[in-house]
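**Q** This is the structure I have questions about; it appears just below.
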Amino acid sequence: RHDSFFSYLSFINQIAKQINTSSSSLTLFHGLSCVPASLLIKSPSIVRDTQNSELKTVTDWFLLLFANLFCSRLIYLTTLSASAAHQKLKLFYRKSKVSIIPNPVDNTIFKPAAYSSGDSTFKSPIKLGMVSRLQPIKDHRTLLDGFYLLSTLDPSRDYELHIAGEGP
């Protein structure tokens with residue numbers, strides 16, 4: 001977070017200087033916050049947008065619009081995310097710049113097993129985990145609510161929730 005618009009511009013300028021000093025042939029922005037630096041750097045830039053469209057702020061949408069106009073490529077994790085951006089940005093959406101590169105987890109292998117109350121397939125305790133930044137945008141409240149609901153399905157079992165990450 002930046003205290004003011006001017007401190008943010010200073011931050012963007014510092015990022016651009018560091019990128020230009022490195023003489024990189026390509027710059028990948030993992031997220032939207034540094035996208036304005038794309039105007040100041042010499043190399044082509046790619047933006048990986050990972051923020052769920054329903055959680056984007058007005059600033060996030062503005063930065064995504066900016067990325068569509070000034071960055072070389074945009075990467076989305078799902079076609080659903082790309083479609084949401086297209087719907088929101090309308091004429092500013094640049095389909096020719098878009099690629100879909102999903103998270104590299106094979107959900108045909110890593111998927112929930114069928115569960116019914118009293119099923120002995122699941123050993124006790126049932127352990128769930130989440131690794132993320134500890135910030136409001138990650139919506140840990142929903143995780144906690146869901147964990148509570150899960151624990152009420154079969155109160156005879158023990159459940160553990162492990163959360164790892166850094167943040168305020």
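**Q** How large is the charge dipole for the chain, taken about the Cα centre, if only the Cβ atoms of Lys, Arg (+1) and Asp, Glu (-1) carry charge, to the nearest 20 debye?
**A** 800
**Q** Pairs to check: K17/K88; K17/K95; K42/K97. Give those whose C-alpha atoms are more than 23 Å from each other in this structure.
**A** Result: K17/K88; K17/K95 exceed 23 Å.
**Q** On average, how much accessible surface per residue is there in the chain, in Å², for a 1.4 Å probe, leaving out ligands, DNA and RNA?
**A** Result: 70 Å² per residue.
**Q** Probe radius 1.4 Å, ligands and nucleic acids ignored: give me the carbon and sulfur share of the accessible area of the stretch 1-98 as a rounded percent.
**A** 59
**Q** As I understand it, the dipole of the chain uses +1 on the Cβ of Lys and Arg and -1 on the Cβ of Asp and Glu, about the Cα centre. Which of L161, T21, T79 lies farthest toward its positive end?
**A** T21
**Q** Tell me the Rg and the Dmax, in Å, that the Cα atoms of the stretch 22-63 produce.
**A** Both quantities, over Cα of the stretch 22-63: 11.5, 36 Å.
**Q** Compute the label zone of I163 within the stretch 124-142: residues whose backbone N is under 19 Å from the point 7 Å along Cα-to-Cβ.
**A** Of the residues in the stretch 124-142, 126-142 have backbone N under 19 Å from the label point off I163.
**Q** Using only helices, what value at 222 nm comes out for the chain when you add -39,500 (n - 2.57) per DSSP H run of length 4 or more and divide by the total residues, to the nearest 500 deg cm²/dmol?
**A** Value at 222 nm, helices only: -10500 deg cm²/dmol.
**Q** What is the percent of Cα-Cα separations in the stretch 1-81 that go past 14 Å?
**A** 62
**Q** Next question. Give the cross-link partners of K127 among the lysines, using a straight C-alpha distance below 22 Å as the criterion and excluding same-chain residues fewer than 8 apart.
**A** The qualifying lysines are K111, K138.
The values are calculated or read from the model by the stated rules, or taken from the named source; none is laboratory data. Keep in mind that what you see is a predicted model, and the values were worked out from it rather than measured. Neighbour counts run over all protein chains shown; Cβ positions are idealised from the backbone, glycine included. What goes into the accessible areas is simple: the full protein's heavy atoms, side chains included, and nothing from ligands, DNA or RNA. Shrake-Rupley method; radii C 1.70, N 1.55, O 1.52, S 1.80 Å.
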